[in-house]
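See structure below.
Just so you know, all these numbers are worked out from the coordinates, no wet-lab data involved. Only a predicted model underlies this, so the values are computations on that prediction, with no experimental measurement involved. Positions of Cβ are generated from backbone atoms using ideal geometry, with glycine treated the same way; all protein chains shown enter the neighbour counts.
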Amino acid sequence: MAESRMKFVFPIGLLLAFVLDGVCSKIFAGYFFTSSIAVESRLLLLWFVLAIFLTDDTIEHIYIWAFCAGIFYDMYYTSFLGLMALLLPFLVYLNRAVFPFFKSSFIVVLLIYLIDVTLLTTLNYWAMTLIGQAGVSLASYVTQVLWPTLIYNLALLVVLFVPLRRIFVE
Amino acid sequence: MQKFFFNKKLVVTLIGLIVAFLLVAFSINVRNNRSMPPVIQQIGNEASGLVNAIVSYPATGIAKAGSAVGDLLNTYQENQKLKKQVDSLAAQKVENQTLRQENKQLKQQVKLNKSLTDYDKISAYVLSRTPSAWQNQVIISKGRTAGVVKNAAVMSKEGLVGRVVEVNQTNSKVELVTTKNDSANRFSVQLINTKNEIVNGLITGYNTEKNQLIMGQVTSKVKIKKGTKVITSGMGGNTPKGLFVGTVVRVADDDYGLPSKIYIKPAADMTNLNVVTVAKRTD
């Protein structure tokens, strides 16, 4: 029963997370992109991580979903194809690989999500540096981008964990 | 050894990596191509844009309601300030009207139908912003069907905000002038000082910490006062002439006494964009 319901709920949530990443960045641009910090919203990743940990990894074709979400993200937001399309399935793979070793309690998911966001943001920074889009040093990347991004995304996880668990579990 | 080469995970990873690198290389290469993006990518972007619009309008509405309360608290002070400005504005408006009419008549007399200052305005909503620290891009709700072209200048009601970098059928991507990267094309701008001397230059960079645009490639020795207004010069063929960019805050001389860098405070607030105007040159 729960699985057949997930067939509809998961894609709809994915679509919302995808769009809300951009809409939140637009609405809160005054707080996200100031002279000293830059926050990258990672709702899409949050949706995947919670989907893996709260449904006991039962989402079907999750790699295909991750790839599609990634390629659409690249097309619509960055116009550098192939970046998120590779990184998202990679992170999904990592999460699925560590999933059997942990209980899906709030603290565990929080810590794993912390590592996920750090990985994704850093790999993205590295790739963007390679193709000449990001020109800041590693030190200022950590202080100006990574920290604010982590704080914002963790806060979002704390707020959304309980409502999203109700969606996934019930 | 045999087993190593036929390891399925390894093969998948390698192919994934190679395809991803090829795709990134492809995107970089075709970026400045006028006919880009390809049709498939456009269809994907249309679909995303449609969903985005459905979510974006109500979300922006809620955000506006929130800021309306804040606005209300400042209303009295703002009202006092604005009252003073309104009186002078009326006089200026009439003067502008007369000058515009005279300009039109003079242009007709010399049979100059289109000049650098003529442009078509296309208004568009801002749907979304790229959630990335490296690309200051917004996505607007008008595309090729409305007449938007690549490289057209984009304005907010205060001044210049950026340039169209990608056009789909019903939405387009705008790169803001605050973007700092190697490939960003810069605007050609000019300023006119109190003695009516013109200084030409290019926007060559942006200082994130101070929120200042940097105008470089300046060869003139003319003295420039703080507060001088900077406009686009219309050179380079993409932007019309006379779009307001910002005001001068600081002029830094180089070792030879030439003003090499002019720091400009941008007129538009790039973090509060809801409606923008695409300025498409008509000549």
**Study point:** Residue among B:Val69, B:Leu50, B:Val94 farthest towards the positive dipole end of region B:1-123, charges placed on Cβ
**Key:** B:Leu50
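When every alpha-carbon pair in chain A is counted, what percent end up more than 26 Å apart? Spell out each step's value before the answer.
Details: 3624 of 14365 pairs.
In whole percent, the long-distance tail amounts to 25.
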**Study point:** For region A:1-68 and region B:63-79, distance of Cα centres in Å
**Key:** 33 Å
Review point. Which angle from 0 to 90°, rounded to the nearest 10, does the C-alpha axis of helix B:39-109 make with the longest principal axis of chain B?
Key: 10 degrees
Exercise for review: Using only the Cα atoms of region A:61-113, build the gyration tensor, take square roots of its eigenvalues as a ≥ b ≥ c, and label the shape rounded, prolate or oblate: rounded if a/c is under 1.5, else prolate if a/b is larger than b/c, else oblate.
Suggested key: prolate
Check your understanding: Mind checking the dipole of the protein assembly as shown: about its Cα centre, +1 per Lys or Arg Cβ, -1 per Asp or Glu Cβ, Debye to the nearest 20?
Key -> 1200 debye
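Please compute, over every Cα-Cα pair in region B:200-283, the percentage with a separation greater than 15 angstrom. Kindly include the intermediate steps, with their values, before the conclusion.
Working: 2147 of 3486 pairs.
Everything past 15 Å amounts to 62 percent.
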Review point. So which residue, out of B:Asn79, B:Asn200, B:Asn151, gets the largest mean-square fluctuation from a GNM of chain B using Cα contacts under 10 Å as springs?
Key: B:Asn79
Study note, to complete from the structure: Rounded to the nearest 10, the angle in degrees between the Cα long axis of helix A:147-169 and the longest principal axis of the Cα atoms of chain A comes to 10 degrees
Revision key, fill the gap. If one compares the long axis through the Cα atoms of helix B:8-30 with the longest principal axis of the Cα atoms of chain B, the angle in degrees, nearest 10, works out at 30 degrees
Check your understanding: How large is the charge dipole for region B:152-198, taken about the Cα centre, if only the Cβ atoms of Lys, Arg (+1) and Asp, Glu (-1) carry charge, to the nearest 20 debye?
Key -> 60 debye
Practice item. Pull up the cross-link candidates among the lysines for B:Lys180, meaning alpha carbon to alpha carbon under 18 Å and not fewer than 8 places away within one chain. Key: B:Lys210, B:Lys261, B:Lys265
Check your understanding: For q = 0.09 Å⁻¹, what log10 I(q)/I(0) does the protein assembly as shown give under the Debye formula with an equal point scatterer on each alpha carbon and no solvent?
Key -> -0.67
Study note, to complete from the structure: Largest fluctuation, B:Asp254, B:Asp87, B:Asp269 only, Gaussian network model of chain B with Cα springs under 10 angstrom, belongs to B:Asp87
